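Visitor: Mind looking over this structure? Questions follow.
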Amino acid sequence: MKIGLLLLMLTSYCSLTSGPADSLLRIIRAGKKDTGTVIACTQYARHLAIKGKFDSALYYGTLAANLSRSLKYMRGLAGALNNRGVVYWYKGEYPKALNELKASLIIRKKLRDLKNCGAVYNNIAMVMQDMGNYPDALENHLIGLRYREKCADTAGMAFSHNNISLIYQAQKEYSNAIAELEKAENLFRKTNDLNGLANVYNNLGVIYKMLEKYEDALRMYKLSLKLVEETGNRKEQGNTMNNIGTLYMGWAGKDSIQKKMHYTLAEMHLKSSLRIREGTGDQNGIASSHYNIGNLLIKMGKYADARSHIEKGLEIGLNISSKMVIRESYSGLAFLDSLQGNYRSALRNYMLFIAFRDSMNNEENTRKQVQQEMRYDFEKEQQADSIRQAAEVAKREMSHQQELKQQRWYIYGGITGFLLMLSVAAISFRAYRQKQRDNRIIAKQKELVEEKQKEILDSIHYARRIQRSLLPSEKYIQSRMKK
């Protein structure tokens with residue numbers, strides 16, 4: 001279901017009466033090439049956007065951008081690009097919206113314009129949110145909120161809290177969503193922003209509907225509708241009428257008379273919402289209205305008409321790359337096919353629904369979302385100077401202690417190494433001394449062996465001399481044998 005989205009630009013949008021609007025037109029038509037004309041074009045483009053005249057808003061936004069470039073008026077160019085980005089977002093042309101908004105952000109950062117940096121980050125987040133990219137949407141919302149807190153931008157902080165609540169709504173974390181909306185409501189009251197309050201009430205109505213508190217939801221929607229009718233905010237009128245229609249559709253009950261009455265009221269509000277959205281060119285809203293009307297017609301048993309509306313919604317969703325619209329459209333078609341016995345088509349559409357659902361709610365997205373929340377909480381604590389100074393002192397002390405610890409380890413390591421070297425040296429010296437002793441023993445034994453060997457040889461020589469003296473010579477024996 002399409003939930004209410006907050007209209008944001010450089011500052012909060014306000015509807016101009018015919019008098020101020022005519023005054024802006026006179027300035028523009030005067031044709032002066034100055035910053036006053038740039039400002040008039042920008043303000044008039046905002047007025048047209050809030051009235052739902054998106055093509056005309058783009059025209060005057062382009063005039064403001066071109067004139068700013070020729071004058072080298074960078075602040076005016078940043079504002080014009082931001083306005084064009086928001087209008088493209090309303091039209092469901094998300095890639096164009098992101099290109100314009102990111103170009104505006106680059107200029108804002110160069111100008112060190114903290115307040116409007118926060119506004120542009122918020123607008124980028126809203127585009128990503130509509131595309132179903134919740135982690136990046138939350139990251140940009142939190143960055144924008146930090147900028148707005150730094151410059152005490154009460155209105156901007158209200159917008160951020162309101163829009164962060166939409167992510168919690170999508171994740172079914174209703175208590176967190178209500179807490180963010182309560183913060184937004186208090187801040188909007190301080191700035192007397194009727195459009196902001198209307199959006200808070202609209203979003204509270206969505207949550208109460210999810211919790212099946214239908215009477216509370218209807219009360220919130222009626223408060224919202226009254227305020228947006230006073231301000232002439234056509235986009236939010238379309239959103240609120242759509243939400244009232246879906247409320248009656250889910251609040252039908254079991255009583256046949258009540259069910260018929262509520263279905264009739266639902267159809268009336270949903271078709272009214274579709275007409276408003278077609279008038280403003282809100283492509284995402286048109287797709288959502290078609291899906292919701294199709295869902296109602298299924299409940300009423302009008303299957304052919306239901307399929308026509310859901311398929312129209314799916315076609316627009318695919319064209320504008322809205323994962324939320326695509327997901328819900330495939331879910332509706334799968335349910336309708338199953339009712340009509342087209343089980344093969346039902347399975348195919350159901351698988352496509354699962355694929356888009358998982359791509360929007362997988363574990364990686366949840367992990368990244370938690371990381372962004374933790375990062376924001378930490379950085380917010382660091383904003384106070386005393387805390388930052390204490391952190392720096394603690395960091396230096398920790399670094400010093402780390403160095404001392406490292407030095408102690410070096411000393412301990414050196415001593416250990418030295419002792420190890422002494423041990424090795426002692427063992428080596430002992431081995432050397434033992435080897436010397438062994439060598440001396442071997443030398444003595446060698447001397448003894450040589451001495452004994454000499455004695456034995458001397459005895460042999462002596463015996464040989466005695467033998468030779470006793471036996472006749474060889475010549476004597478030969479002479480005797482001749483005789």
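Visitor: Out of the residues in the stretch 170-184 meeting the condition of being charged (D, E, K, R) and assigned to a helix (DSSP H, G or I), tell me which one is surrounded by the most Cβ atoms within 10 Å (Cβ to Cβ). Working first, answer last.
Guide: From the stretch 170-184, those charged (D, E, K, R) are 172-173, 180, 182-183; that's our starting set.
Next cut, assigned to a helix (DSSP H, G or I) only: 180, 182-183.
Details: Glu180: 23, Glu182: 14, Lys183: 18.
This residue is Glu180.
Visitor: Out of all the residues in the stretch 313-336, is one or more over 33 Å from the mean Cα position of the chain (by Cα) and not basic (Lys, Arg)? Walk me through it before giving the result.
Guide: So the first thing to find is which residues in the stretch 313-336 are over 33 Å from the mean Cα position of the chain (by Cα), and the list is 336.
Cutting the leftovers down to not basic (Lys, Arg) gives us 336.
Yes: the stretch 313-336 contains one or more residues that are over 33 Å from the mean Cα position of the chain (by Cα) and not basic (Lys, Arg).
Visitor: Go through the stretch 228-339 and tell me which helices (runs of 4 or more DSSP H), entirely inside it, have 3 or more residues that are at pLDDT below 95 and surrounded by fewer than 20 Cβ atoms within 10 Å (Cβ to Cβ). Steps first, answer last, please.
Guide: Details: elements: 234-250, 256-280, 283-299, 303-320, 323-339.
The qualifying helices (runs of 4 or more DSSP H) are 256-280, 303-320, 323-339.
Visitor: Same structure again: Has the stretch 128-148 got at least one residue that is part of a helix (DSSP H, G or I), over 28 Å from Lys96 (Cβ atoms) and under 27 Å from the mean Cα position of the chain (by Cα)? Show your work before the answer.
Guide: The initial filter retains those residues of the stretch 128-148 that are part of a helix (DSSP H, G or I), namely 128-130, 134-148.
Right, trim to over 28 Å from Lys96 (Cβ atoms) and you get none.
The answer is no; no qualifying residue exists.
Visitor: Are any residues in the stretch 185-218 among the charged types (D, E, K, R) and assigned to a loop (DSSP other than H, G, I, E, B), and if so, which ones?
Guide: Taking the stretch 185-218 and keeping what is among the charged types (D, E, K, R), we get 185, 189-190, 193, 209, 212-213, 215-216.
The answer is Asp193, Glu212, Lys213.
Visitor: Of all the residues that make up the stretch 87-117, how many are of a type outside the set (S, T, N, Q), more than 25 Å from Asn239 (Cα to Cα) and in a helix (DSSP H, G or I)?
Guide: Initial filter on the stretch 87-117 (of a type outside the set (S, T, N, Q)): 87-98, 100-103, 105-115, 117.
With more than 25 Å from Asn239 (Cα to Cα) added as a condition, the list becomes 102-103, 105-115, 117.
Subsequent filtering for residues that are in a helix (DSSP H, G or I) retains 102-103, 105-110, 114-115, 117.
Selection size over the stretch 87-117: 11.
For (1) of a type in the set (Ser, Thr, Tyr); (2) under 30 Å from Ile244 (Cα atoms); (3) touching a strand residue (DSSP E or B) at 6+ places or on another chain (Cβ under 9 Å); (4) at pLDDT 95 or above, each residue gets a yes or a no:
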position	(1), (2), (3), (4)
Tyr13	yes, yes, no, no
Ala21	no, no, no, no
Arg26	no, no, no, no
Lys53	no, yes, no, no
Val86	no, yes, yes, no
Ser104	yes, no, no, yes
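Visitor: Restricting attention to the stretch 48-64, and to residues there that are without any contact (Cβ under 8 Å) to a residue 40 or more places away in the chain and crowded, with 24+ Cβ neighbours inside 10 Å, which single residue is farthest from Thr231 (Cα to Cα)?
Guide: Looking at the filtered set, the residue picked out is Ala64.
Visitor: Just one of (1) exposed (fewer than 14 other Cβ atoms within 10 Å of the Cβ); (2) in contact with a Leu (Cβ under 7 Å, 6 or more places away or on another chain) trips up Lys32, so point out which.
Guide: Here Lys32 clears every test but (2).
Visitor: Would you check if there is a residue in the stretch 148-165 being out of contact with any helix residue (DSSP H, G or I) (no Cβ under 7 Å at 6 or more places or on another chain) and farther than 23 Å from Ala287 by Cα? Give the derivation first.
Guide: We begin by selecting, within the stretch 148-165, every residue out of contact with any helix residue (DSSP H, G or I) (no Cβ under 7 Å at 6 or more places or on another chain); these are 152.
When the remaining residues are screened for being farther than 23 Å from Ala287 by Cα, the result is 152.
Within the stretch 148-165 (the criterion being out of contact with any helix residue (DSSP H, G or I) (no Cβ under 7 Å at 6 or more places or on another chain) and farther than 23 Å from Ala287 by Cα), the answer is yes, since at least one residue qualifies.
Visitor: Output the residues belonging to the stretch 97-129 that are charged (D, E, K, R) and buried (at least 24 other Cβ atoms within 10 Å of the Cβ).
Guide: Filtering the stretch 97-129 for residues charged (D, E, K, R) gives 100, 102, 108-110, 112-113, 115.
Matches in the stretch 97-129: Glu100, Arg108.
The values are calculated or read from the model by the stated rules, or taken from the named source; none is laboratory data. Since the model is a prediction, treat every value here as computed from it, not as a measurement. Note that we place each Cβ from the backbone using ideal geometry, even for glycine, and neighbour counts take in every protein chain shown.
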